[in-house]
1. Quick one: is Asp108 in contact with a helix residue (DSSP H, G or I) (Cβ under 6 Å, 6 or more places away or on another chain) and among the charged types (D, E, K, R)?
2. Filter segment 178-195 down to the residues that are assigned to a helix (DSSP H, G or I) and surrounded by fewer than 22 Cβ atoms within 10 Å (Cβ to Cβ) and list them by number.
3. In segment 196-237, which residues are under 23 Å from Ala76 (Cβ atoms) and in a loop (DSSP other than H, G, I, E, B)?
4. What residue, of Asp225, Asp234, Asp238, is without any contact (Cβ under 8 Å) to a residue 24 or more places away in the chain and either under 15 Å from the mean Cα position of the chain (by Cα) or over 12 Å from His186 (Cα atoms) (or both)?
5. Among the residues of segment 106-147, how many are over 27 Å from Asp238 (Cβ atoms), surrounded by fewer than 16 Cβ atoms within 10 Å (Cβ to Cβ) and in contact (Cβ under 8 Å) with a residue 24 or more places away in the chain?
Amino acid sequence: MHWGDTGLEVDQIAFVQQTLPDANVVADESWGLLDTRVLHVRAGDDGFTVKASSQTNTHFPRELEAHRTATAALRASGDAGALVAANEEHRVLVLERVPGHLALGTPDEHDTDVHRQAGALLRRLHDQDTRHDPTFLQHEQAKALAALDAPHRIPDDVVARARAALRALPTDHATQALVPTHGDFHPRNWIVDGGRLRVIDFGRFGWRPVSFDLTRLAVLHWQHDPGLEAAFFDGYGDDPRTPDAWRWLQLREAVGTATWAYAVGDEGFEAQGHDMLRNALAAF
């Protein structure tokens, strides 16, 4: 594969070649849903991941912030690759290549030891620091309500129920501690090498309650296999969820999933969002 076939802009290619003068493109690993281009690159004997995006891409600044402020503990334990170089003007990241294969679609996706490692890894990320923001829930409420006002395919009666529930969200109680969260923590972003788990893609990084990082796993795996849930919390150390906060979080996540997936044209993920929304509303 040649650089001219990668979809990167000229300035983005120039930055990568300046950072890695003898770099060759091995493969295009982009998911195709957003404008982020993800390339497997080799320079000499070393592998790298190059991520490039447009000026409007919201994942780029999140991932850059994560690598600059919140991945030190994971790098120290060998759980994540390091940031090699970044160009904020042209929106390019060069990252150490994490060895192994995606857990998604392999037996590792459903392996209890992998989920136990995932719990321990996530705890190391969460335990680095805490913050408090008394406006966090208000922003989350407003964001979910705004999503329902955007184009989507959620049935009108479901929209009405979701909107009523969201407007009843108590935003004046004591705030939960916010921790550094991955934001998309599940087997699509888990890399396994000889049974050893590592994590990639901090494009949805942010400071949120710890339970935010559990929503994908709960929907995709735990409701089908409680053994994976038990293994995860064995690694994490405890279950940080509280029933009331958890149901509100599941509702907000369901709305966000259904509306975002429609916006990017991912019909499978959109259908999952609709299922999440029906299940979440059952708790109200």
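The values are calculated or read from the model by the stated rules, or taken from the named source; none is laboratory data. Not measured: the values here are computed from a predicted model. Every residue, glycine among them, receives a Cβ derived from its backbone with ideal geometry; neighbour counts consider all protein chains shown.
1. yes
2. Hits for segment 178-195 are Arg188, Asn189.
3. Ile200, Asp201, Phe202, Gly203, Arg204, Phe205, Gly237
4. Asp238
5. Summing the residues that are over 27 Å from Asp238 (Cβ atoms), surrounded by fewer than 16 Cβ atoms within 10 Å (Cβ to Cβ) and in contact (Cβ under 8 Å) with a residue 24 or more places away in the chain in segment 106-147 gives 3.
Condition check ((1) part of a strand (DSSP E or B); (2) assigned by TED's automatic domain parsing to the domain that holds Ile191; (3) within 30 Å of Pro170 (Cβ to Cβ); (4) not aliphatic (A, V, I, L, M)) across all residues:
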| site | (1), (2), (3), (4) |
| --- | --- |
| Leu34 | no, no, no, no |
| Thr56 | no, no, no, yes |
| His67 | no, no, no, yes |
| Gly78 | no, no, no, yes |
| Asp113 | no, yes, no, yes |
| Gln117 | no, yes, no, yes |
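Conditions (1) closer than 27 Å to Asp133 by Cα; (2) modelled with pLDDT under 95, marked per residue:
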position: Gly206; (1), (2): yes, no
position: Gly235; (1), (2): no, no
position: Asp238; (1), (2): yes, no
position: Thr242; (1), (2): yes, yes
position: Arg247; (1), (2): yes, yes
position: Trp260; (1), (2): yes, yes
position: Gly265; (1), (2): no, yes
position: His274; (1), (2): no, no
